[in-house]
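Asks: Please see the structure below; I have some questions.
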């Protein structure tokens, strides 16, 4: 039964779409949230969605083998999940089996129904691709999940965002900080990231938001609610997931799809 389940799970990894294939189309209104400046680059996250940390705690506690290269925290991060989508399917399966789940080369090759030499070649290629796409020092520089330093940085971000403090938000970002709004392909970096936050999200401080703390993919996150000055009700406006680097924010992933909120136990409206 265990062998059958492993093969079934591996088949799901192999069936994930290749980079460049788009997911379901989104309403055009989402595209209007991001005006100029021009993105620093484009990337594909066709199926990237946030995953609640509360559900991660329900996963079986199976310790990875001694050769596993990615801990539980890094292997569920948005950066790792995004990078994984750029790896061809069989290489992706080899990497997850060996470096995330900790299977030995021989057992993983058997699950993939290939020889050990072919498996080793796929694994080397997958590791090289992931290494080229993951930020260096991703795990070492981020504060520990739930620690006081993490709460302090996330709290400062939430306070500045709720007050519409554009300068305060810009001061929190690292020089190379990026902003992504999946499934839109644009990726904004540095000064452009702060400018898009100011213009598209906060409308230069004229919009008000409430942020409700939660966690997604092992990272601090917030349910985002836009305040309606007429009805005194705050309406759901997606989810924000932060990537931290020391005492600053190095990445913001802005999900504008409200359908993800129910997974986090978040309502569609809040009293303002």
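Asks: Find how many whole Å separate the alpha carbon centroid of the range 194-224 from the alpha carbon centroid of the range 95-174.
Replies: 22 Å
Asks: Sticking with this structure for a sec: At 0.36 nm per residue, minus the direct Cα-Cα distance, what do residue 270 and residue 151 gain on full extension? Give it in nm, one decimal, please. Please list the in-between numbers first.
Replies: Values: separation 119, 0.36 × 119 = 42.84 nm, distance 2.28 nm.
Here the answer is 40.6 nm.
Asks: Moving on. Starting from the Cα-Cα distance between residue 133 and residue 235, subtract it from 0.36 nm times their residue separation and give me the gain in nm to one decimal. Write down the numbers at each step before the final one.
Replies: Working: separation 102, 0.36 × 102 = 36.72 nm, distance 3.55 nm.
Full-extension gain reported as 33.2 nm.
Asks: Turning to a different aspect of this structure: In square nanometres and to one decimal, what's the mean projected area of the convex hull around the Cα atoms of the range 199-253? Spell out each step's value before the answer.
Replies: On the way: hull surface 17.7 nm².
Result: a mean projected hull area of 4.4 nm².
Asks: With just the Cα atoms of the range 142-271, tell me how far they stretch along each of the three principal axes, in Å, largest first.
Replies: Rounded to whole Å, the extents work out to 38, 29, 28 Å.
Asks: Assuming R0 = 30 Å, what is the FRET efficiency of residue 113 and residue 54, from their Cβ-Cβ distance, to the nearest 0.05?
Replies: On the way: r = 36 Å, r/R0 = 1.19.
According to the calculation, E is roughly 0.25.
Just so you know, all these numbers are worked out from the coordinates, no wet-lab data involved. Every value quoted in this text rests on a predicted model; they were computed, and no experiment measured them. A quick note on method: Cβ atoms are made from the backbone with ideal geometry, for glycine too, and the neighbour counts reach across all protein chains shown.
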